[in-house]
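The values are calculated or read from the model by the stated rules, or taken from the named source; none is laboratory data. Predicted, not measured: the structure shown is a model, and the values here were computed from it. Neighbour counts are summed over all protein chains in view; Cβ atoms, including those assigned to glycine, are modelled from backbone coordinates with ideal geometry. Only protein heavy atoms, including side chains, enter the accessible area calculation; ligands, DNA and RNA are left aside. Shrake-Rupley method; radii C 1.70, N 1.55, O 1.52, S 1.80 Å.
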Amino acid sequence: MNTPASGSSHAKIILIGEHSVVYHQPAIALPLPAVRESVTLTLRSDNVQQLISRYYTGARHDGPQQLQGINQLVDELLVRFNAADAGFDLTINSHLPAERGMGSSAATAVAIIRALYRFFDQPLSHEQLLVDANISEKIIHGNPSGIDVATASAENPIWFMAGTQPVSIPFHLHGYLVIADSGIHGQTGKAVRAVAQLRETDPFLADQAIKGLGRLAYTAKSALANDRLADLGKVFDQSQVFLQRLGVSHVRLDEMIGIAKQNGALGAKLTGGGMGGCMICLAANEATATQIRLALAKSGVAQTWLQPLKSEEH
Ligand code: MEV
């Protein structure tokens with residue numbers, strides 16, 4: 001046993017393909033290594049299993065309902081390692097805003113799994129990590145495609161299709177992504193259920209939007225590979241229209257998208273589950289990105305991030 005043992009992960013941003021990815025359409029997502037999460041496990045001399053986090057500190061099974069997914073994950077791993085009665089402090093340190101479409105629950109799962117495997121000195125393959133993280137994601141999101149976990153554990157931007165291995169894709173793009181938090185809790189589980197329901201009540205509309213988003217993922221892939229920033233901007237705008245039709249946007253996100261466009265964004269859309277959470281927009285240069293961030297801040301947006309879109313190796 002290693003004590004203390006740590007595991008880490010990071011935020012993710014879906015560039016294109018949220019929701020349609022649940023229905024086997026492709027999506028593109030990028031890791032945000034600068035927005036990190038880490039988990040540390042420290043052995044205790046008693047058999048108390050204590051969780052220490054910004055939202056809750058105390059015995060992990062006495063915590064709020066939102067911890068159900070994480071508790072189930074930890075329970076299953078402890079049984080696997082014959083250590084159901086082990087006593088430990090599990091400390092979560094996160095810079096990710098929770099429930100904002102940045103993959104906070106997936107990042108937590110990935111960091112916990114890495115920490116637990118290290119704690120019990122067990123080898124962990126990437127495939128096993130993805131399978132294990134699905135335990136909590138299923139409880140939290142109902143029908144996860146796996147994209148959040150795949151990106152929270154990836155080093156490079158990925159092309160993702162449910163049921164297949166994610167593939168790293170190069171970015172040759174001279175542009176900037178501005179990510180802005182609406183301050184409203186996103187509701188991924190609810191949004192995923194709303195889309196499932198729309199497929200029942202209006203299959204034609206839902207199917208058109210889902211397939212449209214899938215086609216846009218291919219256009220985005222080609223724009224990224226060939227430095228066609230304006231094309232990627234159009235992809236953002238068109239996908240936002242489809243996401244609105246699916247009913248997963250939010251009036252505040254729509255407002256923020258309008259502000260970004262008025263201040264020079266080449267395209268803007270929600271990112272992640274929607275119904276709150278974050279929006280992303282594309283800026284041709286740092287000056288425009290700064291102008292957009294200032295305008296959003298003036299309208300009450302508390303937090304924005306800036307991400308260059310050029311891969312490290314290019
Ligand atoms: C959530 O970040 C992305 C969704 O497509 C759900 C999923 O893929 O599991 C909304």
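Quick look at the numbers
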item: Members of the stretch 53-104 found to be of a type in the set (Lys, Arg) and open to solvent by 20 Å² or more (accessible area, probe 1.4 Å), listed by number; result: Arg54, Arg80, Arg100
item: Strands (runs of 3 or more DSSP E) wholly inside the stretch 55-170 containing at least 2 residues that are of a type in the set (Gly, Ala, Ser); result: 57-59
item: Among (1) farther than 18 Å from Glu76 by Cα; (2) of a type outside the set (Val, Ile, Thr); (3) open to solvent by 10 Å² or more (accessible area, probe 1.4 Å) - the single one Gly175 does not satisfy; result: (3)
item: Some residue of the stretch 138-150 being away from the ligand (no atom under 13 Å from the Cβ) and surrounded by fewer than 17 Cβ atoms within 10 Å (Cβ to Cβ); result: no
item: Residue list for the stretch 151-160, restricted to those being open to solvent by less than 60 Å² (accessible area, probe 1.4 Å), within 27 Å of Ala289 (Cα to Cα) and not polar (S, T, N, Q); result: Ala152, Ala154, Pro157, Ile158, Trp159
item: Test: residue in the stretch 166-183 that is more than 23 Å from Leu229 (Cα to Cα), within 14 Å of the ligand (Cβ to nearest atom) and of a type in the set (Gly, Ala, Ser); result: no
item: Meets criteria (assigned to a loop (DSSP other than H, G, I, E, B) and within 16 Å of the ligand (Cβ to nearest atom)) for Glu37; result: no
item: Subset of the stretch 1-34 (residues that are open to solvent by 30 Å² or more (accessible area, probe 1.4 Å) and outside any strand (DSSP E or B)); result: Met1, Asn2, Thr3, Pro4, Tyr23, His24, Gln25
item: Candidates Ile113, Ile169 - the one that is crowded, with 21+ Cβ neighbours inside 10 Å and among the β-branched types (Val, Ile, Thr); result: Ile113
item: The one condition in (1) over 16 Å from Ile28 (Cβ atoms); (2) crowded, with 17+ Cβ neighbours inside 10 Å; (3) over 17 Å from the mean Cα position of the chain (by Cα) that Leu282 fails to fulfil; result: (1)
item: Among (1) crowded, with 22+ Cβ neighbours inside 10 Å; (2) modelled with pLDDT under 95 - the single one Ser182 does not satisfy; result: (2)
item: Residue among Gly272, Gly247 that is buried (at least 23 other Cβ atoms within 10 Å of the Cβ), within 16 Å of the ligand (Cβ to nearest atom) and at positive phi; result: Gly272
item: Lone unmet requirement of (1) within 28 Å of Leu177 (Cα to Cα); (2) free of Cβ contacts under 8 Å to residues at least 60 places away in the same chain for Ala106; result: (2)
item: Single unsatisfied condition, Gly163 versus (1) of a type outside the set (Phe, Trp, Tyr); (2) surrounded by fewer than 18 Cβ atoms within 10 Å (Cβ to Cβ); (3) within 28 Å of Gly258 (Cα to Cα); result: (3)
item: Any hit, the stretch 211-226, residues being among the hydroxyl-bearing types (Ser, Thr, Tyr), closer than 23 Å to Leu253 by Cβ and crowded, with 22+ Cβ neighbours inside 10 Å; result: no
item: Subset of the stretch 95-120 (residues that are more than 16 Å from the ligand (Cβ to nearest atom) and out of contact with any helix residue (DSSP H, G or I) (no Cβ under 6 Å at 6 or more places or on another chain)); result: His95, Ala111, Ile112, Arg114, Ala115, Tyr117, Arg118, Phe119, Phe120
